[in-house]
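Participant: Before I ask anything, let me first share the structure, which is written out below as structure tokens.
Where a number appears in this text, it was derived from the coordinates with a stated rule and is not lab data. What you see is a predicted model, and the numbers here were worked out from it, not measured in a lab. Using ideal geometry, Cβ is built from the backbone for each residue, glycine included, and neighbour counts are taken over all protein chains shown.
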Amino acid sequence: MKKKEKNLKSNIKRALVICSVIILCLIFLLIILHLTKTEQQEEIRTTEQRDEEIKNIVRPKGEKERMQIYLAEYLKHIEKQEYEQAYQILYAEFKQNFFPSLQSFCSYVQKNYSDLMKVDYTDIQRQGEYYILTVTITNLGELDTQITQKFIIYENALNDYTLSFQAI
């Protein structure tokens, strides 16, 4: 009889330990899910906040300064290797004609641009609804490497613009 009681107590202890382990695993899983959801929400908030920050920066600026800011944002995406964000800024027909896929755009960017660039604005002109910026881009990794390129920006609203450029 005492053996049965010991076995029963032992089985109850095992069951309690197993239940405790399962409960701890579930709590751990819930914490991970909560953290993942929080990170995703923060990322969305961060993107929205960044857009609002840029709007606040460009709102008081003149046309030329806004275009410089827009181009700088585009090039910043390239420097940070955020190719998808840069690709989304491109004018739809331009993308279709020159870069029908994100991969083709990435190949072009990696071949022609550096991860660290200096931009000198040579000329900025407005032609109707379009702004044409002529810039000299210096590869800061190789100071002898410079390209002069034209960018065309169409501004729909503050921080809502599309861009195309002279493919080199």
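Participant: Just going by the charge dipole of the chain, with Lys and Arg at +1 and Asp and Glu at -1 on Cβ, which of Ser10, Phe28, Val119 is farthest out on the positive end?
Facilitator: Selected residue: Ser10.
Participant: Give me the dipole magnitude in Debye, nearest 20, for the chain about the Cα centre, with unit charges on the beta carbon: positive for Lys and Arg, negative for Asp and Glu.
Facilitator: Here the size comes out at about 1940 debye.
Participant: Run the quick spin-label model on Tyr130 and Lys76: label points 7 Å from Cα toward the beta carbon, then report their separation in nm to one decimal.
Facilitator: 2.6
Participant: Which residue, Lys13, Lys111, Lys76, has the most motion in a Gaussian network model of the chain that connects Cα atoms within less than 10 Å?
Facilitator: Judging by the Gaussian network model, the answer is Lys13.
Participant: Want the number for Arg14 to Asp115: 0.36 nm per residue separation, take away the alpha-carbon distance, what's left?
Facilitator: 30.5 nm
Participant: For the stretch 33-159, what is one quarter of the convex hull surface built on the Cα atoms, given in nm²?
Facilitator: About 9.5 nm², averaged over all directions.
Participant: Taking the Cβ-Cβ separation of Glu52 and Leu24 as r and a Förster radius of 35 Å, what is the calculated FRET efficiency to the nearest 0.05?
Facilitator: That gives a FRET efficiency of 0.25.
Participant: When the chain is treated as a GNM, springs tying every alpha-carbon pair under 10 Å, which of Ser104, Ser114, Ser20 comes out with the largest mean-square fluctuation?
Facilitator: Sorting by GNM fluctuation, first place goes to Ser20.
Participant: Okay, moving on. State, to one decimal in nm, how far the label point of Ala157 lies from the label point of Gln96, with both points 7 Å from Cα in the Cβ direction.
Facilitator: 2.4
Participant: Under a 10 Å cutoff between Cα atoms, tell me which one of Gln110, Gln149, Gln127 has the largest fluctuation in the Gaussian network model of the chain.
Facilitator: Gln127
Participant: Of the cross-linked pairs Lys76/Lys150; Lys55/Lys118; Lys80/Lys118; Lys118/Lys150; Lys55/Lys76; Lys76/Lys111, which ones have a Cα-Cα span greater than 19 Å in the structure shown?
Facilitator: Flagged as over cut-off: Lys55/Lys118.
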